[in-house]
Each structure stands twice: as C-alpha cells, then as structure tokens.
Amino acid sequence: MTNFYERQMQRIFGESELLSADTVFAGKAMISDIGGDLRAKVEFVAARVSGQYEGLKLSIINRKEGLVDSQTFMFHEIIGLKGAARDRKPHIWDDNGKAQWFGYEPTDSEFERIQGKVESYIEMYADQEMHYGGQMMGGM
C-alpha cells in the first residue's frame with residue numbers, strides 16, 4: 001500500500017526513462033541508481049512552514065563517499081503561482097498525517113515539467129553508458 005507522497009512521486013517520475021528499474025518509492029522520497037556508485041534521491045521539502053511541502057530536494061549521493069551535490073526545486077518556480085489571483089505557491093499540506101494538494105493540484109503537463117526540470121539536473125551526473133537511445137538500460 002502506498003501513501004499520498006509515494007503516489008505523487010510515482011505520478012511525477014513513474015514514467016521516467018532516466019531512472020533505473022530498481023527505483024524505490026518510500027515515504028516522502030524516492031531513490032534511484034543513476035550509474036556506478038551514484039544514486040539520485042528526490043524528496044518532498046518544506047521550505048517556509050512545517051507541513052507545507054513546496055518543492056522537491058534532489059540529492060546526488062555516492063554510496064561510498066556520501067553527498068556529491070544537492071538542489072531544491074520549488075514548484076512555483078517551475079509551474080508558476082496558482083489560484084484565482086495567481087498569488088499562491090502550489091504545495092502539499094500535511095494536516096496531522098492527512099496530506100493533500102492545497103488549493104491547486106498540478107496538471108499532468110505540469111507534473112511533466114517538474115519531472116523534466118529535476119531530470120535535467122540528474123542527467124549531469126547519470127552514467128552515460130547506461131543510456132541507449134535516450135532510454136535507461138532496463139528502464140522502468
């Protein structure tokens with residue numbers, strides 16, 4: 001059984017051709033082998049207010065040497081402000097363990113834009129030998 005965060009992470013990255021077949025979605029995060037000893041870990045991140053997840057944090061991790069790089073991707077920086085007045089930052093609100101998008105749920109095309117932005121950063125570190133014609137060998 002998956003939780004809300006796992007379902008949202010799968011919605012964003014589930015169709016990825018960049019991530020390995022053994023990608024794990026667990027809790028508020030996912031982790032994927034991107035070649036050699038490198039792993040990409042993506043997790044929901046709260047920026048200003050606890051329980052309001054406004055973006056994704058990407059960490060590139062060398063499993064033998066630790067953190068290589070990290071970058072935070074805020075939803076509003078990728079898909080813009082939302083709401084009738086275009087004044088709300090899209091975010092997931094977790095109220096006592098019940099999580100949901102607050103005020104605005106991104107569309108499929110917006111999820112694809114988020115995926116593309118994060119994956120373009122991962123590609124700088126991904127093992128190019130694992131790619132073949134734009135697809136990860138043994139892809140998801």
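Which ordering of MET9, MET124, MET74 is given by a fewest-first count of other beta-carbon atoms within 10 Å? Can you show the working numbers first?
On the way: MET9 23, MET124 8, MET74 15.
Ascending Cβ contact count within 10 Å gives the list MET124, MET74, MET9.
Using only Cα atoms, find the angle between the long axis of helix 4-13 and the longest principal axis of the chain, and express it within 0 to 90 degrees, rounded to the nearest 10.
It is inclined by approximately 50 degrees.
What is the sum of charges around LEU18, taking Lys and Arg as +1, Asp and Glu as -1, for the other residues whose C-beta is under 10 Å from the C-beta of LEU18? Provide the component values of the computation, followed by the final result.
On the way: positive: none; negative: GLU17, GLU119, GLU123.
Once all neighbours under 10 Å are counted, the net charge is -3.
When only C-alpha pairs under 8 Å and at least 6 residues apart count, what is the relative contact order of the chain, in percent? Intermediate results must be reported in sequence, preceding the final value.
Details: 240 pairs, mean separation 35.4, N = 140.
About 25 percent, as a whole number.
So, counting K/R as plus one and D/E as minus one, what does the shell of residues with Cβ under 15 Å around VAL68 add up to? Write out the running numbers ahead of the final one.
Numbers: positive: ARG39, LYS41, LYS57, ARG63, LYS64; negative: ASP33, ASP37, GLU65, ASP69, GLU123, ASP127.
Net of charged neighbours comes to -1.
Compute the Rg to Rh ratio over the chain from the alpha carbon atoms, using the Kirkwood formula for Rh, and round to two decimal places. Mind showing how you got there, number by number?
Values: Rg = 15.2 Å, Rh = 15.6 Å.
That ratio is 0.98, to two decimals.
So how much slack lies between VAL45 and TRP101, counting 0.36 nm per residue of separation and subtracting their Cα-Cα distance, in nm? It would help to have the intermediate numbers written out before the result.
Values: separation 56, 0.36 × 56 = 20.16 nm, distance 1.37 nm.
In short, 18.8 nm is gained.
Quick one: helix 108-122 against the long Cα principal axis of the chain, what's the angle to the nearest 10°, folded into 0 to 90?
It is inclined by approximately 40 degrees.
None of the figures in this text is laboratory data; all of them are computed from the coordinates on show. The model shown is predicted, which means the values in this text are computed figures rather than measured ones. Glycine also receives a Cβ, built like all others from the backbone with ideal geometry; neighbour counts cover every protein chain displayed.
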